[in-house]
Amino acid sequence: MSDDKNNLMLKDEVNDLLNAYVQCIDDDELEDWPSFFTDKCLYQVVPRENHEMGLPTAVMWCDSQGMLSDRITALRHANIYQVQWYRHIISNTVITSVVNDEIHVQSNYAVFKTCNDGESTVFNVGRYVDVIVRVNGQLKFKERSAIYDTHRITTLMVIPI
């Protein structure tokens, strides 16, 4: 098979992963969200300024599938917040490199939020920087960083980006 065809097939697989990931969140199937990650992983939501200055502070940070599951358990049973729904739009997915079976990917995202009053607003905008690996034939996130440009988060960030 040609390299071009392999590259297209890999990009399709990556896009399928990215789309399934946001669909899981948008459909409020959050208990399935940790399954998109490897057991030992990194998930973080980081302000752009912190990322550019090399500062480690993230507004959301988890380093294992267990921590991701705990986050969803807390969200469902401990946190109290206004009912809200999200819709993600992903664009400009680029495979930046493939090194030692790790697929490095960057894409842009926009997240719209609708509250129970029916008003929709832009909630968060930024880029995903991912390291994706194949586990038992299936692509999973080893690292997922949502680096956001939005300077003001208008409400509690409870649902993953």
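Note on the stretch 74-102: residues that are within 18 Å of the chain's Cα centre (by Cα) and free of Cβ contacts under 8 Å to residues at least 12 places away in the same chain amount to 1. One residue alone among Val46, Val105, Val59 is under 14 Å from the mean Cα position of the chain (by Cα), within 15 Å of Asp149 (Cα to Cα), modelled with pLDDT of 90 or more and hydrophobic (A, V, I, L, M, F, W, C), and that residue is Val46.
Residue by residue, here is whether (1) part of a helix (DSSP H, G or I); (2) touching a Ser or Thr at 6+ places or on another chain (Cβ under 7 Å); (3) buried (at least 16 other Cβ atoms within 10 Å of the Cβ) holds:
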residue	(1), (2), (3)
Val14	yes, yes, yes
Leu18	yes, yes, yes
Cys24	yes, no, yes
Asp28	no, no, no
Val45	no, no, yes
Glu52	yes, no, no
Asp70	yes, no, no
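Is it fair to say Val105 is of a type outside the set (Asp, Glu), outside any loop (DSSP other than H, G, I, E, B), loosely packed, with under 15 Cβ neighbours inside 10 Å and touching a residue at least 60 places away in the same chain (Cβ under 8 Å)? Answer is no for this residue. Among the criteria (1) farther than 22 Å from Leu30 by Cβ; (2) of a type outside the set (Phe, Trp, Tyr); (3) buried (at least 18 other Cβ atoms within 10 Å of the Cβ); (4) in contact with a Phe, Trp or Tyr (Cβ under 7 Å, 6 or more places away or on another chain), the one Arg144 does not fulfil is (1).
The values are calculated or read from the model by the stated rules, or taken from the named source; none is laboratory data. What you see is a predicted model, and the numbers here were worked out from it, not measured in a lab. All Cβ positions, glycine included, derive from the backbone under ideal geometry; neighbour counts span all protein chains shown.
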